[in-house]
Amino acid sequence: MTKILAINLKSGMACEYKPLFLSRFISALFTISLSLLLTNIASGFTAPADTVYRRNPGTITPKGPYRPENVKKSEILYTRLDVQFDWAKQQVPASAILKFKSHFYPQNTLELDAKGFEIKSIALLDTVGDYGMLTKEEIAAKVTKKLEFTYDKRKLVIKLGQNYSRKDTLFVKIDYVARPNDIPRGKQEDSSTDKGLYFINADGMDEEKPRQIWTQGETEGSSCWFPTIDAPNQKFTQDFYITVDSTYKTLSNGLLVDQQKLKKGMRTDHWRQTLPHAPYLAMLAVGDYAIAKDMMPNGLELSYYVEPKYGQDAHAIFGRTPEMMGFFTNIFGVEYPWQKYAQIVVRDFVAGAMENTTATVHEEGVQNDTRSLVDGNSDAVIAHELAHHWFGDYVTCEEWGQLPLNESFANYAEYLWSEYNDGKYEADWGNLQEMRTYLLESETKQVPMVRYFYKDRENMFDSHSYSKGGRILHMLRTYVGDDAFFAALQDYLKTHAFGTTEIGDLRVSFEKITGQDLNWFFDQWFHRPGHPSLKIQQEYVAASGKVLLKIRQVQDTLASTVYRLPVKVDVWVSGKKNQYEVLVDKVSQTLEFAAAKKPDLVVFDSEAQLLGVIEHEKSLPEMEFQYLNEDRFLHKYDALSQLEGSIADSTVKNILEKAMGDPFWKFRQMAISNFAEYDGVGFVDIEKIIQTRARMDPHPQVRSEAIITLASFGDNNSDPIFREALSDSSYQVVSVAIEKYLMGQPTDANEIAAQFEDSPNDAIVTSVANYYAGLAQPERFDWFLTKMKSMKPTEKYNFLQVFGKYLIKSKQDIQRRSIPVLEGLARDNPSYFVRFGAFQALGLLTDIQGVTALRKDIRAKETEPKLKEMYSQFGEL
């Protein structure tokens with residue numbers, strides 16, 4: 001699962017890696033740290049309730065009960081569901097047939113998870129027959145006896161009437177009504193928000209939103225809409241019969257094997273999955289969709305369900321999936337194991353995306369017109385969810401404390417695909433953003449990767465399981481080498497096919513392939529919290545012809561460990577590089593390297609693979625040499641970063657000027673940004689270079705940065721470039737160009753604003769809104785509300801901040817009119833970061849009587865753990 005990737009730290013990308021519009025004029029609207037906000041939203045941040053912190057990172061005491069693998073009293077082998085939908089009541093009248101047996105010990109009851117149901121009846125069925133293909137009438141004839149049961153709205157205990165051994169296979173039929181809006185809350189193990197099944201725009205009153213039904217099972221949401229043993233160590237096959245109005249399309253796991261037309265315009269779709277998977281991966285979705293298809297060479301069908309308006313864009317959005325599937329099949333060494341692969345986009349999804357077996361669900365931000373994809377596509381999240389079909393669906397973590405066995409691999413699959421498709425520098429740029437995401441979280445939360453003690457299973461979905469896990473796998477790959485790494489993954493997948501695993505199973509596969517004892521690696525990285533923090537002091541001793549690296553591990557070694565770090569060191573002397581393999585495994589140690597003269601540069605961890613913090617002070621000449629001579633992305637990036645602010649130095653200026661033509665776009669962008677407000681030597685030539693980049697650079701982020709930098713010069717030399725950029729192929733460039741052009745208050749400002757105010761791209765509309773906000777015209781109030789209503793969640797969050805600027809400049813009557821609008825968003829919007837944006841905007845209106853009390857009430861009644869944690873950063877209002 002991708003946990004709410006609404007705003008991602010990768011180069012400021014939003015909504016599945018689309019460019020994020022956060023103009024500099026709105027920074028004052030943030031009442032908490034932007035970095036905290038971005039990280040919370042990007043990583044699906046959850047309140048760290050499973051740990052007790054001291055302020056010093058690394059000194060953490062685990063808190064919470066021991067979480068064993070779910071005890072297997074019984075095993076669900078098969079599930080048949082017959083479901084229909086009561087849109088008015090938002091309920092699901094249904095029946096379930098479960099095939100099950102005792103795991104080992106004889107059982108006289110079947111204990112099921114079933115949350116908030118109305119149980120109608122339960123019966124034991126004859127054990128003969130393929131219940132997936134029988135009619136309802138044929139099933140009714142199979143009833144052998146009614147069964148008694150007890151039910152507390154959470155657990156359904158069916159009394160079987162006698163003991164049955166593990167050799168006995170039984171069928172029970174349960175008639176029930178699922179009521180997802182009546183899920184019990186209040187006990188510690190209850191989710192505060194999950195419904196399992198969601199009706200979207202059930203009454204059809206929202207003209208901006210389609211009517212849909214979809215499910216979300218991870219972690220224990222499936223038992224909100226069908227009875228099961230809702231644990232990841234259960235696996236079953238299934239038949240789902242879904243009855244809907246014939247105007248709707250349906251999607252579920254497996255293959256669509258039959259459709260039956262019924263009376264009154266209804267239809268029943270039969271979806272069959274013949275390969276076993278875990279309960280949390282079961283799904284269904286209903287809605288009005290355009291469906292585009294691809295076919296793999298082996299005949300496997302790929303399908304893409306999008307809203308009808310995006311039908312012509314479906315292949316542009318998802319069209320790299322066939323190549324991804326071939327790529328992952330090749331590197332994982334296992335054919336895609338399932339019967340089909342579908343991807344569907346839904347409204348108001350509660351996660352970023354979800355890897356339901358054969359049928360991934362994406363949140364609506366993945367839907368974009370083809371032009372929008374110039375600025376960035378959704379390949380990362382598409383690759384993430386597809387990779388789960390090996391790591392998570394095919395081989396499943398046995399308990400949620402083992403979640404990194406699912407999510408770390410899916411996270412690292414993003415890197416693998418980017419490395420293959422976009423090049424190593426692009427992949428390493430993403431790698432750096434993931435590292436930063438984890439390190440920021442680690443300032444307040446450090447826990448082991450694999451957790452046997454925790455309070456809330458949802459807390460497993462953090463930047464440890466995702467970002468840190470992916471970086472650990474990258475280190476492991478670097479250490480054992482590509483051949484061994486992928487051979488071990490193949491062994492792991494084939495050994496545990498359609499089964500469940502714990503972290504020791506992964507270690508065994510790596511040890512089997514490499515012939516090495518890797519306990520040390522798995523112990524320090526998967527079983528202990530924290531990361532290494534190294535301080536390196538460099539010294540050259542001319543008398544002995546040696547360069548010394550004095551290394552100290554300064555992390556809290558009592559809370560974490562003294563790390564064993566096999567790394568490589570580059571020593572450059574007279575322009576020639578020597579590389580050394582070293583082992584750092586002490587709190588304090590000194591490494592010595594021969595050097596006939598003082599080195600030009602020493603690079604610790606020359607492979608740029610270490611997860612941790614390295615402090616190694618270097619001079620400007622060393623940083624200049626590092627950028628010009630090292631070939632790893634991270635080392636070049638660090639060098640350019642260290643050169644920032646030193647543009648007055650002529651050598652630094654020359655290097656930054658050279659970097660504006662670097663083959664990799666990020667370095668060009670960084671170099672250009674360093675010349676913001678520049679008025680030094682060679683200004684005219686520098687401005688011409690940046691103007692050329694604004695017009696002709698192949699990457700939209702570089703063109704955007706060039707426009708931003710040109711605007712900082714304060715002259716009018718670049719106004720024609722801003723006008724030209726209004727027809728750029730990139731929406732991002734156009735949005736920046738509009739902002740910068742209108743900022744100069746040209747005579748045609750109103751004409752340009754009117755030209756773009758109805759753009760299909762929300763970032764462009766937000767740029768126009770910024771201009772209108774500055775004018776604070778009362779008649780624009782309704783325009784702001786209309787535009788905001790139809791925006792996607794992330795764009796709506798950004799737009800709310802511009803709306804806040806408009807309100808600050810408006811008179812109190814306009815401000816008062818906005819309060820019920822903002823209150824509605826802050827209380828009821830399905831996206832928690834939109835609720836947060838509305839809450840922030842209300843914070844600008846506290847001079848109006850009652851607003852402070854209103855905000856306190858909104859905050860007190862919020863149930864989303866992520867947002868409650870964000871509110872807690874405010875202190876008292």
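Got a sec? Charge dipole of the stretch 70-288, +1 on Cβ for Lys and Arg, -1 for Asp and Glu; which of V128, S192, W225 is way out at the positive end?
Working it through, the farthest residue towards the positive pole turns out to be V128.
Helix 404-421 versus the longest principal axis of the chain: what angle, 0 to 90°, nearest 10, using Cα atoms?
That helix lies at roughly 50 degrees to the long axis.
Give me, ordered by chain and number, the residues 5 or more places off E607 or on other chains with an amide H under 5 Å from its own placed amide H.
K568
Might you report the magnitude of the Cβ-based charge dipole of the stretch 303-384 about its Cα centre, with Lys and Arg at +1 and Asp and Glu at -1, to the nearest 20 debye?
It works out to roughly 160 debye.
Give me M205, M354, M743 ranked fewest to most by other Cβ atoms within 10 Å of their Cβ, as a rough exposure proxy.
Starting with the residue having the fewest Cβ neighbours, the order is M205, M743, M354.
Among H635, H315, rank each residue by its count of other Cβ atoms within 10 Å, from fewest to most, as a rough exposure measure. Provide the component values of the computation, followed by the final result.
On the way: H635 21, H315 15.
Ranked by crowding around the Cβ, least crowded first: H315, H635.
Can you list the HN-Hα couplings for the stretch 436-441, worked out from phi with the Karplus curve (6.51, -1.76, 1.60; θ = phi - 60°), rounded to whole Hz and with x for Gly and Pro?
5, 4, 5, 4, 5, 5
Assign unit charges at the C-beta atoms only (+1 for Lys and Arg, -1 for Asp and Glu), then state the dipole size of the stretch 85-194 relative to its Cα centre in Debye, rounded to the nearest 20.
Details: 19 positive and 16 negative charges, 47 e Å.
So the dipole magnitude of the stretch 85-194 works out to roughly 220 debye.
Please report, in debye to the nearest 20, how large the charge dipole of the chain is about its Cα centre when each Lys and Arg carries +1 at its beta carbon and each Asp and Glu carries -1 there.
Charge dipole of the chain: 2100 debye, to the nearest 20.
Along the stretch 766-776, what does the Karplus equation 6.51 cos²θ - 1.76 cosθ + 1.60 (θ = phi - 60°) give for ³J(HN,Hα), rounded to whole Hz, x for Gly and Pro?
Whole-Hz 3J(HN,Hα) from phi for the stretch 766-776: 5, 5, 4, 4, 4, 5, 5, 4, x, 7, 6.
Go ahead and estimate [θ] at 222 nm for the chain from helices alone: -39,500 (n - 2.57) per DSSP H run with n ≥ 4, summed, over the residue count, rounded to 500. Please list the in-between numbers first.
Values: 27 runs with 304 residues, N = 877.
Value at 222 nm, helices only, nearest 500: -10500 deg cm²/dmol.
For the stretch 353-422, what does the alpha-carbon gyration tensor say about shape, rounded, prolate or oblate, given a ≥ b ≥ c as the root eigenvalues, a/c under 1.5 as rounded, and a/b over b/c as prolate?
Prolate is the answer for the stretch 353-422, as a/c is 1.5 or above and a/b outweighs b/c.
Multiply the residue separation of E301 and S650 by 0.36 nm, subtract the distance between their alpha-carbon atoms, and state the gained length in nm to one decimal.
Working it through step by step, the gained length comes to 119.7 nm.
For labels at R723 and A853 in the simple 7 Å Cα→Cβ model, what's the distance in nm?
About 5.6 nm, to one decimal.
Could you work out the relative contact order of the chain? I mean the mean sequence separation of Cα pairs under 8 Å and 6+ apart, divided by the number of residues, in percent.
Worked out over the chain, it gives 11 percent.
Can you put M696, M325, M296 in order of Cβ neighbours within 10 angstrom, beginning with the fewest?
Numbers: M696 10, M325 20, M296 16.
Result, fewest neighbours first: M696, M296, M325.
Which one of S650, Y66, S872 is farthest out on the positive end of the charge dipole of the chain, using unit charges on Cβ (Lys, Arg +1; Asp, Glu -1) and the Cα centre as origin?
Positive-most Cα among the choices belongs to Y66.
Return the loop-located GluC sites (Glu not before Pro) in the stretch 769-877 (DSSP other than H, G, I, E, B) with at most 10 other Cβ atoms within 10 Å of their own Cβ; answer none if there are none.
Within the stretch 769-877, the qualifying GluC sites (Glu not before Pro) (loop, at most 10 other Cβ atoms within 10 Å) are E876.
Calculate, in nm to one decimal, what V257 and K63 gain on full extension: separation in residues at 0.36 nm each, minus their alpha carbon distance.
Here the segment from V257 to K63 would lengthen by 65.0 nm.
Counting only DSSP beta bridges with both residues in the chain, what percent are antiparallel, rounded to the nearest 5?
Rounded to the nearest five, the antiparallel share is 85 percent.
Going through the cross-link list K235/K494; K173/K235; K146/K167; K146/K263; K688/K787; K740/K866, which pairs have a Cα-Cα distance over 26 Å in this structure?
K146/K263; K688/K787; K740/K866, as the Cα separations exceed 26 Å there.
Which trypsin sites (Lys or Arg not before Pro) in the stretch 736-796 pass both tests, a DSSP loop state and at most 13 other beta-carbon atoms within 10 Å?
none
In whole Hz, what ³J(HN,Hα) sequence does the stretch 516-532 give by Karplus (6.51, -1.76, 1.60; θ = phi - 60°), x for Gly and Pro?
10, 7, 10, 4, 4, 5, 5, 5, 6, 9, 9, 9, 10, x, x, 7, x
Residues in the stretch 212-240, backbone N under 16 Å from the label point at N108 (7 Å along the Cα-to-beta-carbon vector): list them, ranges by number please.
Under 16 Å, as judged by backbone N against the label point of N108, lies no residue of the stretch 212-240.
In terms of Cα to Cα distance under 13 Å, which aspartates and glutamates are near enough to K424, apart from those fewer than 8 places away along the same chain?
E414, E607, D631
Could you check what % of the DSSP bridge pairs in the stretch 70-288 are antiparallel, to the nearest 5? Can you show the working numbers first?
Details: 65 of 71 bridges.
Looking only at bridges with both residues in the stretch 70-288, the antiparallel portion is about 90 percent.
According to a simple spin-label model (label point 7 Å from Cα along Cα-to-Cβ), what is the distance in nm between K293 and R154?
In this crude spin-label approximation the distance works out to 4.6 nm.
Summing +1 for each Lys or Arg and -1 for each Asp or Glu, what net charge is found among the other residues whose Cβ lies under 15 Å from the Cβ of T590? Can you show the working numbers first?
Values: positive: K535, K546, K550, R552, K586; negative: E539, D585, E592.
Taking every Cβ under 15 Å from that of T590, the sum is +2.
Rounded, prolate or oblate: which one fits the chain, using the alpha carbon gyration tensor with axes a ≥ b ≥ c (rounded when a/c is under 1.5, else prolate when a/b beats b/c, else oblate)? Walk me through the numbers before you get to the answer.
Details: a/c = 1.92, a/b = 1.29, b/c = 1.49.
Taking the square roots of the gyration eigenvalues as a ≥ b ≥ c, the chain is oblate.
Answer with one residue from Q840, I672, Q91: the one whose Cα lies farthest towards the positive end of the charge dipole of the chain, charges on Cβ with Lys, Arg +1 and Asp, Glu -1.
Selected residue: Q91.
Indicate the gyration tensor shape class of the stretch 533-610 (rounded, prolate or oblate), computed on the Cα atoms with a ≥ b ≥ c the square roots of the eigenvalues: a/c under 1.5 is rounded; otherwise a/b larger than b/c is prolate and the rest oblate.
prolate
Set the bar at 21 Å for Cα to Cα. Now go through K445/K861; K249/K293; K468/K550 and name every pair that lies beyond it.
Numbers: K445/K861 26 Å; K249/K293 15 Å; K468/K550 27 Å.
Violating the 21 Å limit, Cα to Cα: K445/K861; K468/K550.
Could you pull out the trypsin sites (Lys or Arg not before Pro) across the stretch 76-121 that fall in loop regions by DSSP (anything but H, G, I, E, B) with no more than 13 other Cβ atoms inside 10 Å?
K89
Would you mind computing, in nm to one decimal, how far apart the modelled labels at E677 and A141 are, each placed 7 Å from Cα along Cα→Cβ?
Simple spin-label model gives 8.5 nm for this pair.
What FRET efficiency do you get for A749 and T370 if R0 is 30 Å and r is their Cβ-Cβ distance, rounded to the nearest 0.05?
0.50
Values in this text are rule-based calculations from the coordinates and carry no lab data. Please read these numbers as outputs of a predicted model, since none were measured by experiment. Note that each Cβ is placed from the backbone with ideal geometry, even for glycine, and that neighbours are counted across all protein chains shown.
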